[in-house]
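Laboratory data are not the source of any read-out in this text; all were calculated from the coordinates shown. What you are looking at is a predicted structure, and each value in this text was computed from that prediction instead of being measured. For neighbour counting, all protein chains shown are included, and Cβ atoms are generated from backbone atoms with ideal geometry for every residue, glycine included.
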Amino acid sequence: MSEPWGVSGPQFLIIYVILLGGCLAGAFYTLAKVRSSSARMSHGTPGLGVYDTAYLAGGPDRVVDTAVAGLADIGRVRVERDGRLTWVGQLARQPVELAVSERVDKGVGRLSDLRRALRDHPAVTGIGRELAERHLVAEVSKVSLAQLATWSLAAPLALGVVRLAADLLAGRPDAILPLFLALNGLSMAWFVRAQRFRTWYGESVLRSLEHTTLPGRYPGAGHHLRDPLALAGAATVALFGFPAIYDRALRESLQLSG
């Protein structure tokens, strides 16, 4: 009986290990490039605004969440029980808040739609560029390259699965190949979980902020941030998301809207 594809089991394993090793090396290298930075924590946490903090903690979507939560807390955005958003009063002036207020005022009634509408808005992407210049987050091009390197691990995984199926059909199952496939799958899962747009320096800054900000809405929470809106309860949302909102009705409505 001929070997599947004209390649013996040991020969295929050699090819597979070389391919997997190359993909793993590329994934490790690009992940290190994304997260490395020449900046270091020196004299305390660098000064960040509430939206800088939100972007560092959760990216563009967290910026929008923070703006909506803060504006709802001061009565500028009304959040209905079904999660729909309504703008109240004059349009805001701060760039992120203005972008939110304009779209809610024009009828973008759910947070999930608002996130999609503002992910590429200059007011939001500008925050990312500024944080990249400060070495807190990676440049978009580096993040995309790391994601591509991670998903390259799907190539040896798919090849190995097809080969295993061919071996089974030929009545020659390989006892070692499934172990490599499991390693391949676990490696890919780890890299997907390890994907971060923050640098290691950004991670250290974020951990410092988390340890100095109460995970709940208390008077004065977020006093170390620059923005007045931080005093309206947005600081803890920036760091911890909606679960940090003390007002249960508001928290549940926003979670429903998202």
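Post the alpha-carbon centroid distance, the range 173-189 to the range 41-92, in whole angstrom.
44
How big is the charge dipole of the chain about its Cα centre, in debye rounded to the nearest 20, if each Lys and Arg gets +1 on its Cβ and each Asp and Glu gets -1 on its Cβ?
Dipole about the Cα centre, nearest 20: 240 debye.
Taking 8 Å as the Cα distance limit and 6 or more residues as the minimum spacing, I'd like the relative contact order of the chain as a percentage.
Here the relative contact order equals 33 percent.
Using all Cα-Cα distances in the range 124-194, what percent lands in each 10 angstrom bin from 0 up to the longest?
Whole-percent P(r) values from 0 Å outward: 18, 32, 22, 15, 10, 4.
Pick from ALA189, ALA99, ALA67: which is most flexible by mean-square fluctuation in a GNM of the chain where alpha carbon atoms under 10 Å apart are linked?
In this elastic network of the chain, the residue with the biggest mean-square fluctuation among ALA189, ALA99, ALA67 is ALA189.
Longest span of the chain, sites excluded, free of trypsin sites (Lys or Arg not before Pro) in DSSP loop with at most 14 other C-beta atoms within 10 Å?
120-225
At 10 °C and 1.306 mPa s, grab the translational diffusion coefficient of the range 18-120 from Stokes-Einstein with a Kirkwood Rh over Cα pairs, rounded to a whole number in µm² per second. Write out the running numbers ahead of the final one.
Values: Rh = 16.2 Å.
The Stokes-Einstein estimate is 98 µm²/s.
Cα extents of the chain along the three principal axes, largest first, in whole Å?
Taking max minus min along each principal axis of the Cα atoms, the chain gives 79, 46, 29 Å.
Could you work out how much longer the chain between LEU169 and ARG248 gets when fully extended? Use 0.36 nm per residue separation minus the Cα distance between them, nm to one decimal. Walk me through the numbers before you get to the answer.
On the way: separation 79, 0.36 × 79 = 28.44 nm, distance 5.74 nm.
Computed gain between LEU169 and ARG248 is 22.7 nm.
Which residue, LEU13, LEU118, LEU136, tops the fluctuation ranking in a GNM of the chain built on C-alpha contacts under 10 Å?
LEU13
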